[in-house]
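Heads up: the structure comes next, in structure tokens.
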Amino acid sequence: MKHDETWWRTMNTRPMADRQIDQLIGLAQGIVADGIVNQTEAEVLQNWLRANRRTNNLYVSRLLDLVEAVLRDGVLDDDESRDLHDALMSWTGGGETDRGGQTSASLPLDPMPRTVVIPGNIFVFTGTGVFGTRREMHEATIGAGGTVDGNVTKRTNFVVLGTYVTPAWAHQSFGRKIEKAMEYRDHQGTGLRIVHEEDWMGALGS
């Protein structure tokens, strides 16, 4: 009897979840239609995701985390707008990542273990992270004795990929920056390393 009740509840909640996902897809398609995500659109998306956070879908939860991160300081800057646009494009089928959420499995990271040393090194950040805004990440790096640059050069020591960089990075706005980092790392022997935000946070904590 208990098994039957569980099955019945599952069957009756699934249509609602499906409708919510359909609503999210429609909302996302409307937001990315003009090629940009503005402050108002991001806030509308944030409100919808908060209201539907109980939807049993991993992407809804992770997208909410991303929106909360880019709006943490109340301002959606250009980099954050592009990151959010790329994430929504992936969700609506404009990118090549699947809808199960983002993972680092296919990112061009250095092999483990990845040791990050902040003092005396030059860092470039790309993608949106969970630590905070890009400015906060820069300030934390400088406070720990590192240097921050906006572009990848032969002088760059570490390129840090934010947690929300998707496996479809090559099709996203910051893909060229990662490709340049890979070229310097793999073919020009500069000593550049590509690491994950978690690696950088670990070094920051130590």
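The values are calculated or read from the model by the stated rules, or taken from the named source; none is laboratory data. Being a predicted model, the structure only gives us computed values, none of them experimental. Neighbour counts run over all protein chains shown; Cβ positions are idealised from the backbone, glycine included. Ligands, DNA and RNA are stripped out before the accessible areas are found, and what is left, the full protein with its side chains, is counted by its heavy atoms. Shrake-Rupley method; radii C 1.70, N 1.55, O 1.52, S 1.80 Å.
Overview of results
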| read-out | value |
| --- | --- |
| Subset of the range 32-81 that is of a type in the set (A, V, I, L, M) and open to solvent by 50 Å² or more (accessible area, probe 1.4 Å) - its residue that is nearest to Phe125 (Cα to Cα) | Val75 |
| Residue ID - farthest from Ile122 (Cα to Cα), chosen from residues in the range 156-166 that are at pLDDT below 95 and out of contact with any Leu (no Cβ under 8 Å at 6 or more places or on another chain) | Thr166 |
| Filter result (touching a residue at least 24 places away in the same chain (Cβ under 8 Å) and part of a helix (DSSP H, G or I)) within the range 23-44 | Gln23, Leu24, Ile25, Ala28, Gln29, Ile31, Val32, Gln39, Ala42, Glu43 |
| Condition check for Tyr184: within 26 Å of Gly74 (Cβ to Cβ) and either touching a Gly at 6+ places or on another chain (Cβ under 8 Å) or not small (Gly, Ala, Ser) (or both) | no |
| The range 113-125: number of residues that are open to solvent by 50 Å² or more (accessible area, probe 1.4 Å) and outside any loop (DSSP other than H, G, I, E, B) | 0 |
| Only listed residue being modelled with pLDDT under 85, out of contact with any Ser or Thr (no Cβ under 9 Å at 6 or more places or on another chain), open to solvent by 90 Å² or more (accessible area, probe 1.4 Å) and at negative phi, chosen from Gln29, Gln23 | Gln23 |
| Checking Ala144 against (1) in contact with a Pro (Cβ under 8 Å, 6 or more places away or on another chain); (2) surrounded by fewer than 20 Cβ atoms within 10 Å (Cβ to Cβ); (3) within 23 Å of Asp83 (Cα to Cα); (4) of a type outside the set (D, E, K, R), the condition it does not meet | (3) |
| Any hit, the range 126-141, residues being open to solvent by less than 10 Å² (accessible area, probe 1.4 Å), modelled with pLDDT of 95 or more, in a strand (DSSP E or B) and not charged (D, E, K, R) | no |
| Failed condition for Gly191, given (1) in a loop (DSSP other than H, G, I, E, B); (2) in contact (Cβ under 8 Å) with a residue 40 or more places away in the chain | (2) |
